[in-house]
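The values are calculated or read from the model by the stated rules, or taken from the named source; none is laboratory data. As the structure is a computational prediction, the values presented were derived from the model and not from experiment. Using ideal geometry, Cβ is built from the backbone for each residue, glycine included, and neighbour counts are taken over all protein chains shown.
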Amino acid sequence: MTTPEPTAVERVERPVEPLPAEESVPARTFEVKNLSIWYGEKRAIEGVTMDIASKAVTAIIGPSGCGKSTFLRALNRMHELVPKTRLEGTVLLQGEDLYSSNVDPAIVRRRVGMVFQKSNPFPTMSIGENVVIGLKLNGVRDRRFLNERLEKSLRMAALWDEVKDDLHKPGTSLSGGQQQRLCIARALAVEPEVVLMDEPCSALDPIATAKIEELIYELKSKYTIVTVTHNMQQAGRISDYTAFFYLGRLIEFGETTKIFTHPSERQTEDYITGRFG
Amino acid sequence: MIAHRHILGTFEESLAALRNNVLMMAGLTDRSMERAMKGLFNRDDNLCANTIADDEEIDQLEKQIDKEGVDILLRFQPVASDLRRVVAAMKLSTNLERIADQATTIARRARKLNQHPPLPEVELIKPMHEHAMLMFKDSVDAFVREDVKLGCEVVGRDEKLDDLNQTVSNKLVERMAQNQDQLRGYLNLIFVGRCLERVGDHATNIAEDAVYAAAAEDIRHQHAAARA
């Protein structure tokens, strides 16, 4: 005989018990342990511990200045480009310490690509050159291989049909939404394991935003995606997991459906419902 | 970070307006039920007529609440507790409208009964009436106070109302066999009993929605699943 499900009252009155270990833990791309980051004297991230699931979309939300972008950049050592940064804790990518002394940051950034808030195609390069520049910088010269990768990347970025006849035109001749997809194609061309996105749609109109969102949904079958967004509805639409940051700390992290219907923390509830202030 | 009001004042106002309309609709529904039952017990045709007339206002409120709910979903895209409250309010209004429909049916049956000599068996309905109305009031209370415990209690009370209805129906069927001159009267009382039983069902729905709004927990159909 099976034990009946406890009623809501029983659950309310019963002390909270730790959850049993899940039988099928999703595969993890990143394991972040006790991560703290300083810019000079200012601590931007404080003791963040979280695992990022593979081939899923994780959204990072939180008010301005909460450390979202710093956290995102720490996942491919991009934050090191800011002078006087200091980091404590560990970030493991597929079990390998990203900050180990023998790890080349350039290799990290190839494995973990990034797309920024404002699309930034190289202004002097054509559409085609923009896509394959990463491969060329890595020494790839085989024209046939480059052409194949060019088409594959543009197709994955859902841009091929729109630009296939204009590959020689400047990347900056494209619309804002197309430029952002061009940047995604550029990030995909080097075949990264992870794509980081820092507010990728914040400068786009609703149609271009919808195309990027659709693209993110399709890309997650092949890549682990971590995205920072200020748009709650977008986080709800595109992500599988959501992390809420506040004042440099990770307040709550869990499945997006749970976070947006019944968050566990009052601070999360106040932020996502617009009571924060 | 202590903040209980939304930064967006218009969102706060819209949520408050929706809640106020739900409370007003609950108040009118309660009044309709009480008037219908008084019309039955006191043989008062005026109260029955008022109940039937008030139904239109309650119907309009249901439409108003649905419109306001959709408007909030469209304009503010609420999440978390706000989303649950809006969804629960819209479902609540549907159940309130159906309770008001039951009040109208009771009022119509009462008017028919009032055309004939009084039936002492009307007393059989009183325990059902008390039980159903307490369920209804407590379910609305559970919604207003976001009281999960009370909501769950109300859900558990529905079985007793079903039993009471069964008992009353059995007794009235017996009387029908004994006194065939009052067949129509007894039949009307059976229908009144069924209406009260339906009020209990709607109160159960409201209580379940109240629990969902307060605790994000879906407790619907748990009794049925346990029985199966």
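Based on what the data block shows, is B:D66 touching a residue at least 40 places away in the same chain (Cβ under 8 Å), among the acidic types (D, E) and assigned to a helix (DSSP H, G or I)? When the stated conditions are applied, B:D66 does not pass them.
Assess whether B:S32 counts as being assigned to a helix (DSSP H, G or I), among the polar types (S, T, N, Q) and either more than 30 Å from B:L119 (Cα to Cα) or over 16 Å from the mean Cα position of the chain (by Cα) (or both). For B:S32, the condition - assigned to a helix (DSSP H, G or I), among the polar types (S, T, N, Q) and either more than 30 Å from B:L119 (Cα to Cα) or over 16 Å from the mean Cα position of the chain (by Cα) (or both) - is not met.
Matching residues to (1) under 19 Å from A:A53 (Cα atoms); (2) in contact with a strand residue (DSSP E or B) (Cβ under 6 Å, 6 or more places away or on another chain); (3) of a type in the set (A, V, I, L, M):
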{"residue": "A:M197", "(1), (2), (3)": "yes, yes, yes"}
{"residue": "A:D205", "(1), (2), (3)": "no, no, no"}
{"residue": "A:S221", "(1), (2), (3)": "yes, no, no"}
{"residue": "A:G236", "(1), (2), (3)": "yes, no, no"}
{"residue": "A:Y241", "(1), (2), (3)": "yes, yes, no"}
{"residue": "A:G248", "(1), (2), (3)": "no, yes, no"}
{"residue": "A:F253", "(1), (2), (3)": "yes, yes, no"}
{"residue": "A:T257", "(1), (2), (3)": "yes, no, no"}
{"residue": "A:T268", "(1), (2), (3)": "no, yes, no"}
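Across segment A:239-277, the number of residues qualifying as more than 16 Å from B:A214 (Cα to Cα), more than 10 Å from chain B (Cβ to nearest Cβ) and of a type in the set (D, E, K, R) comes to 4. For segment B:13-56, a residue qualifies if it is within 14 Å of chain A (Cβ to nearest Cβ), surrounded by 16 or more Cβ atoms within 10 Å (Cβ to Cβ) and not hydroxyl-bearing (S, T, Y), and exactly one does: B:L15. Only one of the numbered conditions (1) among the hydrophobic types (A, V, I, L, M, F, W, C); (2) assigned to a strand (DSSP E or B); (3) free of Cβ contacts under 8 Å to residues at least 40 places away in the same chain is not met by A:A243, and that is (3). Kindly check whether there is at least one residue in segment A:257-273 that is surrounded by fewer than 16 Cβ atoms within 10 Å (Cβ to Cβ), in contact (Cβ under 8 Å) with a residue 60 or more places away in the chain, over 17 Å from A:C66 (Cα atoms) and out of contact with any Ser or Thr (no Cβ under 8 Å at 6 or more places or on another chain). The answer is no; no qualifying residue exists.
If B:P117 satisfies all but one of (1) surrounded by fewer than 20 Cβ atoms within 10 Å (Cβ to Cβ); (2) in contact (Cβ under 8 Å) with a residue 24 or more places away in the chain, what's the number of the condition it fails? The failed condition is (2).
Of all the residues in segment B:11-44, those that are out of contact with any helix residue (DSSP H, G or I) (no Cβ under 8 Å at 6 or more places or on another chain) and among the polar types (S, T, N, Q) number 2. In summary, A:T224 fulfils each of the numbered conditions (1) at pLDDT 95 or above; (2) of a type in the set (V, I, T); (3) more than 25 Å from A:V190 (Cβ to Cβ) with the single exception of condition (3). I'm checking my understanding of the structure. Among residues of segment A:69-92 that are touching a strand residue (DSSP E or B) at 6+ places or on another chain (Cβ under 7 Å) and more than 18 Å from A:N34 (Cβ to Cβ), which one is surrounded by the most Cβ atoms within 10 Å (Cβ to Cβ)? Looking at the filtered set, the residue picked out is A:N76.
Only one residue in B:R108, B:R75 is within 14 Å of another protein chain (Cβ to nearest Cβ), surrounded by fewer than 22 Cβ atoms within 10 Å (Cβ to Cβ), touching a residue at least 40 places away in the same chain (Cβ under 8 Å) and out of contact with any Gly (no Cβ under 8 Å at 6 or more places or on another chain), so which one is that? Reasoning before the result, please.
Values: B:R108 fails: within 14 Å of another protein chain (Cβ to nearest Cβ).
One residue alone meets the criteria, B:R75.
Could you list, in sequence order, all residues of segment A:73-129 that are assigned to a loop (DSSP other than H, G, I, E, B), touching a residue at least 60 places away in the same chain (Cβ under 8 Å) and among the basic types (K, R)?
A:K118
Residues that are buried (at least 17 other Cβ atoms within 10 Å of the Cβ), at negative phi and of a type in the set (S, T, Y) number at least 3 in the following helices (runs of 4 or more DSSP H) confined to segment B:138-228: B:183-215.
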